[in-house]
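Visitor: Just dropping this structure here.
Bear in mind that the values in this text are calculations on the coordinates, not laboratory data. Treat the numbers as computed from the prediction; the structure is a model and nothing was measured. For neighbour counting, all protein chains shown are included, and Cβ atoms are generated from backbone atoms with ideal geometry for every residue, glycine included.
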Amino acid sequence: MTIRLALCTMPAVFQHGGRAQMSCEELFLKKLRERGFRLTPQREMVLRVMHQMAGFATAEEIFQRVQELSSAIDISTVYRTLELLQEFQMVSVVDPGDGQRRYELVGVHGPHIHLVCQDCGEVTPIDLDEFQEFVDHVRRRHGFTIDISQVSLPGYCNACASRHQEPEHEEA
């Protein structure tokens with residue numbers, strides 16, 4: 001089975017610092033080969049399903065969609081593929097507090113930070129530019145480089161925040 005993915009392009013950095021566009025499939029294949037693996041039909045299918053889902057999904061949700069295409073793939077294959085995609089920084093991973101990690105292809109948006117509502121589970125992506133000043137400050141002040149691709153910030157969305165504000169105390 002050959003699956004061609006044209007929906008997503010991910011920036012690939014080459015040796016001379018230039019940037020070229022590479023499809024998810026091409027990038028995944030390149031990274032797999034660097035590690036001595038091959039792009040199996042099962043791995044391609046997981047990638048294809050993630051494109052179709054176009055957003056965050058749990059491993060179980062991805063597995064259910066894969067099962068609609070082929071019952072020959074088990075959930076452990078989905079988990080192993082997600083682990084590889086995460087290792088290759090091709091997916092963003094968030095845990096909205098319910099113990100169910102959710103995965104999203106990074107795609108043309110590139111790495112971004114996720115604001116995760118601890119009440120309703122809403123995930124809001126924000127551009128790295130909004131966070132870059134803090135990242136630069138940490139690097140200058142502490143000599144520490146933050147792995148931006150793995151940043152999720154818990155808190156409350158606008159809709160849920162009002163329920164978590166402390167009541168104001170009136171002075172007597």
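Visitor: Can you order the peptides 120-131, 136-147 by their average number of other Cβ atoms within 10 Å per residue, highest first? Don't skip to the answer; put the middle values down first.
Guide: On the way: 120-131: 13.8, 136-147: 10.0.
Put in order of decreasing packing, that is 120-131, 136-147.
Visitor: Separate question: Label Phe37 and Ala159 with points 7 Å out from Cα along Cα→Cβ: what is the distance between them in nm?
Guide: With each label point 7 Å from Cα toward Cβ, the separation is 3.6 nm.
Visitor: Would you mind checking which residues have amide H under 5 Å from Leu115's amide H? H placed 1.01 Å from N; only 5 or more apart, or other chain.
Guide: It is Thr124, Ile126, Leu153, by chain and number.
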